[in-house]
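*Asks:* Below is a structure I'd like to ask you about.
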Amino acid sequence: MECDGMDALPDGVVQSILSQLSNARDVAACSGVSHCWRDCVPFLPALYFPRSAFDAAGGVCADDAIGRMIESAARLEELVIYCPFSSARLPRWLAMRSASLRVLELRVDSAADKAAAAASGTGSGHLDCIGIVSNLEELRLWGLTMTRAPSWGQLERLHVLEIVGAHLEDLAVSGAVYACPNLTDLALLGCECSGSVNFALPLLERCRLDFVGSGSCALKLAVPRIESLEVQGFNWISLQGGDCLKRLTIAKNTGSVYTVGILRLPVLEQLSLRGVQWSWGAVSYLLQCATEVKHLVMKVEFCGDFDTLQPFPEVDLVEFFNSHPKLRKFEIHGAMFAALCQKNSLKNLDSRFSISSLEEVLITVRSPLNAEQKLITLESLVSYSPRLQRMVIRISQMKNCHEAADEFFEEICNFAHMNNGRVRIE
């Protein structure tokens, strides 16, 4: 009875309803209901094969089922395959829908394909067929090994490229990006790579590069339209084109950041520096460039060059805030806070000084050393910030945990009580 009711609907209505389906399981179930429903498969704009799509069948018929659905979906625009599949079938599938396909997402980390690639020494050769889809606009690849530049030709219409959890050679990265000259969004996340990565993308607006591994890695970008840039894992960074950059994050979880070369950052609003060790030259250079910053995150443990870990040098509090007059939110880790709390850090304080824009401060304190100076600095931040709404003090992994640490913590509690409503402790 329910089937008769659906069959009574105009074909256009049925097509509109069923075209909302994309999950391969749902499509297969609906195709067996009636001829009318099965005839709607050619109008599906998207097909999604989840990781467990063929678990019930033991995976033995996955390639055939995928091929039949792709062949039936004559107007397919988006294809997402997370389940294991044979890379030998991929060229035929893409060739069938090369004219209509706009979005392609593949998880290519099946054990059989990895073993075959390793045995042949071709690396990413089984993905060269992606070049067949010349109208592709978005491409996402998971878990691949790319040892050479892919033979994609020029994917002129590709605007979005994401590669996640891959092992990449540096020349392969540069070659893949070179094949996509008109990218606006680029993401290489959780990728193992070392060496030197260079590319120029005149239209790129958003970029996330997260490289893991212990090897040294250098990055050189020419991206005149970049608005948001997040990089992790690079020792040397060079950026040409920061005039449009509004958000910048640089991190290095292991090893050191030695140099950062950026000509100017006239519209930068958010700056985040993270890592175990940075050279002070790189830190101070970025702070000098970011005079318009509104949200600053400083979570760097040490400075120093190469294997020598050193504390931050003394930073003049007045000079720092005068150099960043628009700063509204400031997140300070222990090392930077300690640098603002040295003997001469407050020597230029006077009644004319004001931190006029600061609204929120988050401070992580990890040591009771120099306790008196730290308390004076906290009091100064509150006293000279007329717009301050909230100060959060985080006591994290307090070192030298003896009587001095207890006394310091008690003093901070008293300070928070005296400024109840604006200061709190985590």
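The values are calculated or read from the model by the stated rules, or taken from the named source; none is laboratory data. Bear in mind the structure is a predicted one, so any value in this text is a computation, not a measurement. Neighbour counts are summed over all protein chains in view; Cβ atoms, including those assigned to glycine, are modelled from backbone coordinates with ideal geometry. Quick note on the areas: whole protein, heavy atoms, side chains included, nothing else; ligands and nucleic acids left out. Shrake-Rupley method; radii C 1.70, N 1.55, O 1.52, S 1.80 Å.
*Asks:* Tell me which residues, restricted to segment 186-226, are in a strand (DSSP E or B), within 17 Å of residue 166 (Cβ to Cβ) and open to solvent by 20 Å² or more (accessible area, probe 1.4 Å).
*Replies:* 189, 190, 192, 195, 208, 210, 212
*Asks:* Which of the residues belonging to segment 301-328 are in contact with a Lys or Arg (Cβ under 7 Å, 6 or more places away or on another chain) and either farther than 15 Å from residue 362 by Cβ or among the basic types (Lys, Arg) (or both)? Write out each step before concluding.
*Replies:* Of all residues in segment 301-328, those in contact with a Lys or Arg (Cβ under 7 Å, 6 or more places away or on another chain) come to 326-328.
326, 328 - these are the residues of segment 301-328 that are in contact with a Lys or Arg (Cβ under 7 Å, 6 or more places away or on another chain) and either farther than 15 Å from residue 362 by Cβ or among the basic types (Lys, Arg) (or both).
*Asks:* Considering segment 232-242 alone, what residues qualify as being open to solvent by less than 10 Å² (accessible area, probe 1.4 Å) and aromatic (Phe, Trp, Tyr)?
*Replies:* Correct list: 234 only.
*Asks:* Something else: Which of the strands (runs of 3 or more DSSP E) contained wholly in segment 281-396 include at least 1 residues that are in contact with a Gly (Cβ under 7 Å, 6 or more places away or on another chain)? I'd like the intermediate steps shown before the answer.
*Replies:* Values: elements: 295-302, 329-332, 360-365, 390-395.
Because the criterion is at least 1 residues that are in contact with a Gly (Cβ under 7 Å, 6 or more places away or on another chain), the strands (runs of 3 or more DSSP E) in segment 281-396 that meet it are 295-302, 360-365.
*Asks:* Oh, and also: Looking at segment 343-361, which of its residues are aliphatic (A, V, I, L, M) and modelled with pLDDT of 95 or more?
*Replies:* 355, 358, 361
*Asks:* Look through 245, 317, 229, 287 and report the one residue that is within 21 Å of residue 339 (Cα to Cα) and open to solvent by less than 10 Å² (accessible area, probe 1.4 Å).
*Replies:* 317
*Asks:* Looking at 374, 326, can you tell me which residue is among the charged types (D, E, K, R), free of Cβ contacts under 8 Å to residues at least 40 places away in the same chain and buried (at least 18 other Cβ atoms within 10 Å of the Cβ)?
*Replies:* Being among the charged types (D, E, K, R), free of Cβ contacts under 8 Å to residues at least 40 places away in the same chain and buried (at least 18 other Cβ atoms within 10 Å of the Cβ) holds for just one of 374, 326, which is 374.
*Asks:* Something else about it: What number of residues in segment 153-176 are open to solvent by less than 10 Å² (accessible area, probe 1.4 Å) and either modelled with pLDDT of 95 or more or over 19 Å from residue 129 (Cα atoms) (or both)?
*Replies:* 4
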